[in-house]
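Worksheet: one structure, shown below.
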């Protein structure tokens with residue numbers, strides 16, 4: 001049986017919450033009106049809805065960990081969870097110690113906590129796009145001009161011709177092994193554990209030598225003074241994880257390391273936008289990855305093929 005797409009499941013989440021909550025509230029009303037048969041029917045439908053919601057959460061586990069519970073959102077999530085509990089308790093009428101009060105309180109909590117969070121996850125991209133359009137109409141386009149100038153600077157740096165390399169493959173391997181051996185142990189200890197392997201250091205050194213990373217393996221190309229070109233480095237992080245077979249928690253790793261917030265969304269947006277017209281950055285990174293797999297064939301994983309073929 002073909003698995004439902006993640007996008008479809010994400011869109012289905014808010015509808016599932018609304019349906020389960022509505023059925024639960026109708027069941028409470030039916031019980032209080034002593035319509036027992038209808039009450040049990042709506043209770044059963046509500047339970048099915050909540051079970052479906054739990055299943056959807058399990059199917060979207062990776063997305064929830066990478067995007068919903070990322071470093072920049074964890075405190076906000078915990079705070080809103082506590083506030084939602086307090087509001088649900090305050091807004092619940094007839095606070096008696098019975099099952100109907102529990103159902104009403106749980107339903108209110110779902111509306112206050114889960115529904116806004118899920119809607120933000122499912123439709124956040126569209127909402128953010130609409131807000132940006134609204135903001136750009138109000139604020140002068142000075143920032144946009146500076147962004148375009150910065151993009152030109154990055155493209156100029158990327159297109160700078162590099163001197164031809166006449167080294168044999170064995171010499172190239174020794175060259176990069178020598179560069180890896182020169183990385184200070186203190187710097188290696190600062191790296192995330194998943195990036196402390198020899199293969200991970202090789203990729204970091206490779207991107208550093210090509211001008212993408214600085215001496216501390218931090219992003220070198222920036223749009224502005226305190227903002228990295230997040231989309232570009234989300235793409236690089238995704239490619240590195242594909243080569244290193246890091247699938248779960250990869251955005252948590254790079255969210256702390258570079259830092260790179262909302263990496264999954266940025267990488268997905270770039271993939272969709274450049275499906276038929278890859279950027280110069282992507283073509284250049286593709287060449288680097290082909291070089292990496294030539295020097296270290298074990299990095300040539302199935303997931304990396306989409307990055308190498310550009």
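Just so you know, all these numbers are worked out from the coordinates, no wet-lab data involved. No experiment lies behind these values; they were computed from the predicted model shown. Neighbour counts run over all protein chains shown; Cβ positions are idealised from the backbone, glycine included.
At a glance:
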read-out: Gain on full stretching of the segment that runs from residue 47 to residue 294 - 0.36 nm per residue minus C-alpha separation; value: 83.5 nm
read-out: Relative exposure of 56, 209, judged by other C-beta atoms within 10 Å (fewest first); value: 209, 56
read-out: Ranked list, fewest to most other Cβ atoms within 10 Å of each Cβ, for 105, 167; value: 167, 105
read-out: Per-residue Cβ neighbour rank within 10 angstrom, fewest leading, 203, 86; value: 86, 203
read-out: Stokes-Einstein D for region 210-296, Kirkwood Rh over Cα pairs, 25 °C, 0.890 mPa s (µm²/s); value: 181
read-out: Taking region 149-308 and dividing mean pair separation by its residue count, relative contact order in percent (alpha carbons under 8 Å, at least six apart); value: 22
read-out: Full-stretch length increase - residue 80, residue 256 - with 0.36 nm per residue and alpha-carbon distance subtracted; value: 61.1 nm
read-out: Relative contact order for region 204-295, counting Cα pairs under 8 Å that sit 6 or more residues apart, in percent; value: 23
read-out: Region 149-308: proportion of alpha-carbon pairs further apart than 29 angstrom, %; value: 13
